[in-house]
1. Quick one: in segment 166-180, which of the residues that are of a type in the set (A, V, I, L, M, F, W, C) and without any contact (Cβ under 8 Å) to a residue 60 or more places away in the chain is most open to solvent (accessible area, probe 1.4 Å)?
2. Can you spot a residue in segment 16-33 that is under 18 Å from THR241 (Cα atoms), among the aliphatic types (A, V, I, L, M) and assigned to a helix (DSSP H, G or I)?
3. Is it the case that some residue within segment 96-110 is over 15 Å from GLU233 (Cβ atoms), open to solvent by less than 10 Å² (accessible area, probe 1.4 Å) and touching a Lys or Arg at 6+ places or on another chain (Cβ under 6 Å)?
4. Suppose we filter segment 78-91 for residues that are out of contact with any Lys or Arg (no Cβ under 7 Å at 6 or more places or on another chain) and either surrounded by fewer than 21 Cβ atoms within 10 Å (Cβ to Cβ) or of a type in the set (Gly, Ala, Ser) (or both); how many remain?
5. Quick check on my filter: what residues within segment 181-208 are modelled with pLDDT under 90 and either surrounded by fewer than 12 Cβ atoms within 10 Å (Cβ to Cβ) or more than 15 Å from ILE99 (Cα to Cα) (or both)?
6. Do the conditions hold for ASP163, that is, is it modelled with pLDDT of 90 or more, loosely packed, with under 12 Cβ neighbours inside 10 Å and outside any loop (DSSP other than H, G, I, E, B)?
7. List every residue pair whose Cβ atoms lie under 9 Å apart, where the two residues are 6 or more positions apart in sequence or sit on different chains, the first residue falls within segment 76-93 and is under 17 Å from LEU17 (Cα atoms) and without any contact (Cβ under 8 Å) to a residue 12 or more places away in the chain, and the second residue, located anywhere, is among the polar types (S, T, N, Q) and open to solvent by less than 80 Å² (accessible area, probe 1.4 Å).
8. Any chance you could count how many residues in segment 116-146 are of a type in the set (D, E, K, R) and touching a residue at least 40 places away in the same chain (Cβ under 8 Å)?
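The values are calculated or read from the model by the stated rules, or taken from the named source; none is laboratory data. Just so you know, these numbers come straight off a predicted model, no measurement behind them. Reconstructed Cβ throughout: ideal geometry from the backbone, glycine too, with neighbour counts over all protein chains shown. Note: areas computed on protein heavy atoms with side chains; ligands, DNA, RNA excluded. Shrake-Rupley method; radii C 1.70, N 1.55, O 1.52, S 1.80 Å.
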Amino acid sequence: NYPSDVSDEQWEILRRLLPPRSRCGRKPLDRRAVLNAILYVLLTGCQWRALPKDFPKWSSVYTIYRRWKLNGTWVRLHDTLRERCRRQVGKKRTPTAAIIDSQTAKTSAVANGQRGYDAGKKLLGRKRHLAVDTLGFVLAIVVHAASIQDQDGAPWLLAKLHDQFRRLKVIFADAAYGRSGLPDWTLQTCGWILQTILRPVGLGRFVVLPKRWIVERTFSWITCWRRFSKDYERLPDNTETLIYIRMIHLMSKRLAVAKT
């Protein structure tokens, strides 16, 4: 067993949420082995072609990963687990508050599509723009070029939230999101209050800011797996999908522990 493998309890939760098997074609692969192979790539940061031989063939694993990305299986699985985790702690399925922030990551030499230079972080790469609930679970993801300012990329993220979460009332963010008229745009377009949380004036040391620490913790959950130490993906939508898969592993583990 590898550290990234799902436990029996996790698999019992996940297997019931996967799409039905096709009745046509060749003998199907062991889905648990395929899922473990994908998680191994995320935890170790290895290439798909470098999967150990005790997993199914790498091309078959990648084919299933891509098929489930295109038909929305990963997102549906993620959203179902998030709702279960929220109900587990006594909250409703959808939130009324969200926290947004971005994280800049370097890109590798194979990166294609959107990438740019973040002058603030002095990095060439992409931004992972996240919206999370008050428990830190991901609500929406947008990956875009690092050259796009937070307040300019936020409307894409807020548009995703507006399509899925009608109960939202307030969005918490840092001071960068107060620029370019974004709070007014958010109120007029989505009907939400965009509340910026500022650092205390004159405080020259680190301090934990209310609400903002929640999204930072989510970034730490993601980046502790090596595949996210840089943006190794050729296309931004692959990065978004892999973040969903990382959160699927985290949430299924929480649900499995609660059952034992």
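1. Among residues in segment 166-180 that are of a type in the set (A, V, I, L, M, F, W, C) and without any contact (Cβ under 8 Å) to a residue 60 or more places away in the chain, the one most open to solvent (accessible area, probe 1.4 Å) is ALA175.
2. no
3. Checking segment 96-110: at least one residue is over 15 Å from GLU233 (Cβ atoms), open to solvent by less than 10 Å² (accessible area, probe 1.4 Å) and touching a Lys or Arg at 6+ places or on another chain (Cβ under 6 Å).
4. Residues meeting the conditions: 7.
5. The answer is LEU198, ARG199, PRO200, VAL201, GLY202, LEU203, GLY204, ARG205, PHE206, VAL207, VAL208.
6. no
7. Short answer, once both residue conditions are applied: GLU83/THR94.
8. Summing the residues that are of a type in the set (D, E, K, R) and touching a residue at least 40 places away in the same chain (Cβ under 8 Å) in segment 116-146 gives 3.
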